[in-house]
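The structure under discussion appears below in the form of C-alpha cells.
Taken together, the values in this text are just the output of simple stated rules run on the coordinates, not laboratory data. Quick caveat: nothing in here was measured; it's all calculated off a predicted structure. Reconstructed Cβ throughout: ideal geometry from the backbone, glycine too, with neighbour counts over all protein chains shown.
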Amino acid sequence: MIEVQRFDPPLETGRLPRPSLEIVVLRRGVTEDPEIFEQGYGFNPDDDIPREIKLVFRPYAFLEPGEDVADAAGRAWRFDSLWDWHAYDGRDGAPAWPLIRLADDGGAVPAATATGSHEAEIERWRRAARAEPPRR
C-alpha cells in the first residue's frame, strides 16, 4: 500500500457512489518512485466491487504509527512507518533492537524484537514485496 486518501466532501468523479476514501496500492514487484505523481492502483473500498487483497507481510506489525519506543542504545524514536523512524535526539540512523514501547503495557514489542534488527525487517519486506524500499 502506498497511501490512504480521505475526501471530505466526497470526491466528484462522475460515478456513484462518490468516494470518501481511496486506497492506493502497488503490485508486488513494483518499487515506489516518489518522483512519480500518480503511481499505483487506487480503489474505493466502499464501491461494492468485489476484490481480493492479501496481506503478505506487515513490517513492524507490533507497532502503530505514532508510537514511541526506546532502543537498545537508549535512544527514543517515533515510529511512523517502516521508512519513517524519527529519532528524538535528531541524529540519523535506525533503532537498535530490542525495542521497548515507551508507554509499554507489557505488550509484544520486546518479545518481537528480541532477535533480529531493523535491517533484517527491511530485508524481510524486500523479499515479501519483491521490490526495493522507496527513495526518500
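Once the convex hull of all Cα atoms in the range 27-75 is built, its volume per residue stands at 183 Å³.
Report the calculated FRET efficiency for residue 27 and residue 7 (r = Cβ-Cβ distance, R0 = 22 Å), to the nearest 0.05. Could the numbers behind the result be given before it?
Working: r = 24 Å, r/R0 = 1.09.
According to the calculation, E is roughly 0.40.
Loop-only trypsin sites (Lys or Arg not before Pro) in the range 5-35, please: DSSP not H, G, I, E or B, and at most 13 other Cβ atoms within 10 Å. Listed in order of number, the matching sites are 15, 27, 28.
A Förster radius of 41 Å combined with the Cβ-Cβ distance from residue 81 to residue 48 puts the calculated FRET efficiency at roughly 0.90. Charge dipole (Cα centre; +1 on Lys/Arg Cβ, -1 on Asp/Glu Cβ; no other charges) of the range 33-136 amounts to roughly 460 debye. With coordinates expressed along the principal axes, the C-alpha atoms belonging to the chain extend over 54, 30, 28 Å, beginning with the largest.
For the range 73-122, chymotrypsin sites (Phe, Trp or Tyr not before Pro) meeting the loop criterion (DSSP other than H, G, I, E, B) and having at most 15 other Cβ atoms within 10 Å: 83, 88. Around the Cα centre of the range 77-123, unit charges on the Cβ atoms of Lys, Arg, Asp and Glu (plus for the first two, minus for the last two) sum to a dipole of about 140 debye.
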